[in-house]
Amino acid sequence: MHMESMAIKDGQDTDMPTKAVVAATIGTALEWFDFALYGVVSATIFPKLFFPSLDPTSGLLASLATFGVGLAARPLGAVICGYLGDRFGRRNLLLFTVSVMGIASVLMGLLPTYDRIGVWAPVLLVLLRIVQGFALGGESTGAQLMAVEHARPTRRGKYSGLLGICSPISQILANAAMLVLSSVLSPADFESYGWRIPFLLSFILVVVGIYIRMRVSETPAFVELQHSKTASVSSPLRDAVKLHYKTILRLMLFFCGPTALFYLVVVFSLGYLTNTLGVPKQTGFALLMGANVCAILGALAGGVLSDKIGRRKALLLGSSVTLIMLFFLFPLLGTRSFVPMLAGMGLLLGFTQYQSGIQPVYFAEAFPTNVRYSGSALSYTAANLLAGATLPALAVWLLRTFEGSPWSIVGIVALWNIVSLTMVIIGPETRGNDLNRVDSVSAVAADHAVSQHSRAA
């Protein structure tokens, strides 16, 4: 009998799926809050504070490049934490990642600017950004598995959609914090200390995140894996790459589409609105907050619908809509009118996050338990590195190269969207896959290793 069924029979464990998804959602939202804060300030005030010797466009490019460094560090966190998570469990890794993210964010809030310590300011900024990226690289997949592996098979999509709201919630909180602070403080005070306040408050968020996660048990799938021979002899990272490289590549390319769309809206569009279109900064923050409300609804809808019609059909719908909506975004932003701008950003981000709400369960169901953390993390973070880390800076460069025309940017993102749609078309349906399965090749190797040891003894 599978652990999922056994948990239901134990009255003490019947609430654990709910506790798991709450802990995963809140903890990941806290980590994304810190990450989102950086995205907001990197597109607005960091060019002036940490790269003042550069012209405005070059300073913005340099600042957005440091944002990309955080995304570039995520595969390292995914590889290391994925290996440890597959070997030693999901729960302990999640306690570690939320602590590391909080410490890095607090230090970022205390960081002197360029006018105080010169070139060391951007150097330390990049180092802390690498630590943030490392922590989020391990956190994202671990939290997804914590929730999905605890969920009953018929509710995996729903729980996956709940995880999909983490990023938009954090975007709303980050933009709300900056909107309030930039409204109540003078520009000089906001640049001096106002932007630091949310980063420093991360200490409180870390304490909350650790407390919540300590109340959640290890996932049933990993507990069952611990009782098998495979857990003691397999190398998760090696097995993931050797046995599942095609799946990793297909899922990575699929998620490049939603990733590029996400960073186009939440990072690049803010700088485009304020620097190119002359929209007030407060209006830009308000637009992003409204768009992220649509993203929350989209993530929840995607997860629930995938339980009803399957992951593949639900993803095909979302990917098709974003491809169409992409061509309406910049004309709507060009109106400089709040409602059309909100419609363009809200619909595009809503259907982007609709796909992200399905991603956790789609990835989890694609891999066996003993390589699930490693395989999912590699696919997820590689997509963010390939399509996310480069997109904001590339978009700024294209905008300058083509003298303010955004259509080259649309072309790049549309290409990613088409690649994503293609990967969904050629991929299999995963709804209903057994989350307690392990690699048959690894299991055979484990049995062989045990028998060899017995004969030697």
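The values are calculated or read from the model by the stated rules, or taken from the named source; none is laboratory data. Bear in mind the structure is a predicted one, so any value in this text is a computation, not a measurement. As a convention, Cβ positions derive from the backbone with ideal geometry for all residues, glycine included, and neighbour counts pool all protein chains shown.
Give segment 132-175 a look and list any residue that's outside any helix (DSSP H, G or I) and farther than 30 Å from Trp195 by Cα, or say none.
Ala151, Arg152
Could you tell me whether any residue of segment 127-142 is more than 30 Å from Phe222 (Cα to Cα) and of a type in the set (A, V, I, L, M, F, W, C)?
The answer is yes; a qualifying residue exists.
Is there a residue in segment 375-392 that is over 15 Å from the mean Cα position of the chain (by Cα) and within 17 Å of Val148 (Cα to Cα)?
Yes - at least one qualifying residue is present in segment 375-392.
Answer yes or no: is there a residue in segment 209-218 that is in a helix (DSSP H, G or I), among the acidic types (Asp, Glu) and in contact (Cβ under 8 Å) with a residue 60 or more places away in the chain.
The answer is no, given that none of the residues of segment 209-218 is in a helix (DSSP H, G or I), among the acidic types (Asp, Glu) and in contact (Cβ under 8 Å) with a residue 60 or more places away in the chain.
Considering (1) under 29 Å from Ile80 (Cα atoms); (2) modelled with pLDDT of 80 or more; (3) not aromatic (Phe, Trp, Tyr), say which one Thr113 fails and leave the rest.
(1)
Quick check on Arg90: is it under 23 Å from Arg215 (Cβ atoms) and in contact with a Ser or Thr (Cβ under 8 Å, 6 or more places away or on another chain)?
Yes, satisfied.
Within segment 94-106, does at least one residue satisfy the condition of being closer than 13 Å to Val396 by Cβ and in a helix (DSSP H, G or I)?
no
Checking the conditions here, which among Leu394, Leu415, Leu399 is out of contact with any Ser or Thr (no Cβ under 6 Å at 6 or more places or on another chain), loosely packed, with under 15 Cβ neighbours inside 10 Å and assigned to a helix (DSSP H, G or I)?
Exactly one residue qualifies, and that residue is Leu415.
Does segment 282-298 contain at least one residue that is in contact (Cβ under 8 Å) with a residue 12 or more places away in the chain and part of a loop (DSSP other than H, G, I, E, B)?
Looking through segment 282-298, none of the residues is in contact (Cβ under 8 Å) with a residue 12 or more places away in the chain and part of a loop (DSSP other than H, G, I, E, B).
Test Leu124 against the criterion of being under 25 Å from Glu191 (Cα atoms), among the aliphatic types (A, V, I, L, M), touching a residue at least 12 places away in the same chain (Cβ under 8 Å) and in a helix (DSSP H, G or I), and give yes or no.
yes
Go through segment 146-181 and report how many residues are farther than 19 Å from Gly298 by Cα, surrounded by fewer than 21 Cβ atoms within 10 Å (Cβ to Cβ) and at pLDDT 80 or above.
Of the residues in segment 146-181, 6 are farther than 19 Å from Gly298 by Cα, surrounded by fewer than 21 Cβ atoms within 10 Å (Cβ to Cβ) and at pLDDT 80 or above.
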